[in-house]
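Colleague: What follows is a structure written as structure tokens; I'll ask about it next.
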Amino acid sequence: MRFGVWHYLSGYVIIDIKGKNIERFLNRVVQCGVRISIAAKRGAVVSLSRFRFRKALLYGWIVVLALIIAASRYVWIVDVSGCDKVNADKLIASLKDMGVGIGTHKRAVATYALGQRLMATDERIAWAGVSISGVVLKIEISEAGETKPDTS
């Protein structure tokens with residue numbers, strides 16, 4: 001038995017009835033006042049209803065989720081690769097001078113322009129590629145005399 005996302009979010013119950021003339025049976029059940037027991041309750045509503053008396057726990061999870069979403073909008077790791085002659089710490093210091101580093105909002109980072117500006121900081125850099133993946137700012141450096149890495 002498959003249910004969609006909407007069924008999970010709104011919640012549902014499972015009642016197992018087998019046999020012939022089920023419609024007739026249900027009509028008689030309604031007239032006779034028979035009790036029906038529920039085999040299982042499923043869904044997000046049912047799961048969250050268990051927390052109705054634990055409001056502090058529920059609010060705590062909401063705050064944690066909001067903080068995770070807010071933190072994912074910033075750069076938290078700067079990963080520099082391809083540096084043999086050029087000092088990676090100097091590149092990171094150059095990034096800080098440009099206003100980019102740990103804690104910078106991802107929308108404030110213009111990756112193409114940042115690569116061009118990094119190439120201008122040191123003549124040993126033949127090519128610099130900057131990309132953002134999640135919370136990681138990836139900087140790939142190709143030094144003079146090396147081949148340019150494939151960016152596709």
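The values are calculated or read from the model by the stated rules, or taken from the named source; none is laboratory data. Treat the numbers as computed from the prediction; the structure is a model and nothing was measured. When we count neighbours, we look across all protein chains shown, and the Cβ atoms used for this are built from the backbone with ideal geometry, even at glycine. Accessible surface is based on the protein model in full, side chains and every heavy atom, while ligands, DNA and RNA are left aside. Shrake-Rupley method; radii C 1.70, N 1.55, O 1.52, S 1.80 Å.
Colleague: Which of Gly43, Gly33, Gly11 moves the most in a Gaussian network model of the chain with Cα springs under 10 Å?
Modeller: Gly33
Colleague: Another question about this same structure. Using a 1.4 Å probe on the protein chains only, how many percent of the accessible area of the range 1-112 belongs to carbon and sulfur? Display every interim value, and only then the final one.
Modeller: Working: 5610 of 9450 Å².
Its accessible area is 59 percent carbon and sulfur atoms.
Colleague: Pick from Val80, Val29, Val100: which is most flexible by mean-square fluctuation in a GNM of the chain where alpha carbon atoms under 10 Å apart are linked?
Modeller: Highest fluctuation of the listed residues: Val29.
Colleague: Also: Most fluctuating residue of Asp122, Asp16, Asp97 in a GNM of the chain with Cα springs under 10 Å: which is it?
Modeller: Asp16
Colleague: Another question, if that's okay. If the only charges are +1 at each Lys and Arg Cβ and -1 at each Asp and Glu Cβ, what is the size of the charge dipole of the chain around the Cα centre, to the nearest 20 debye?
Modeller: Numbers: 22 positive and 12 negative charges, 373 e Å.
Rounded to the nearest 20 debye, it is 1800 debye.
Colleague: Which number gives the lysine pairs in the chain that have C-alpha atoms under 29 Å apart and are eight or more places apart or on different chains?
Modeller: Pairs that pass both the separation and distance tests number 16.
Colleague: With the other protein chains left in place, how much accessible area per residue, in square angstrom, belongs to the range 1-78 at a 1.4 angstrom probe?
Modeller: Details: 7210 Å² over 78 residues.
Per-residue accessible area for the range 1-78 comes out at 92 Å².
Colleague: Between Arg50 and Lys20, what is 0.36 nm times their sequence separation minus the Cα-Cα distance? Round to one decimal in nm.
Modeller: On the way: separation 30, 0.36 × 30 = 10.80 nm, distance 3.72 nm.
Fully extending the segment from Arg50 to Lys20 adds 7.1 nm.
Colleague: Going by Cα centres, the range 29-62 and the range 85-110 are how many Å apart?
Modeller: Measuring centre to centre over Cα atoms gives 51 Å.
Colleague: Starting from the Cα-Cα distance between Cys32 and Asn87, subtract it from 0.36 nm times their residue separation and give me the gain in nm to one decimal.
Modeller: Taking Cys32 through Asn87 to full extension adds about 11.3 nm, to one decimal.
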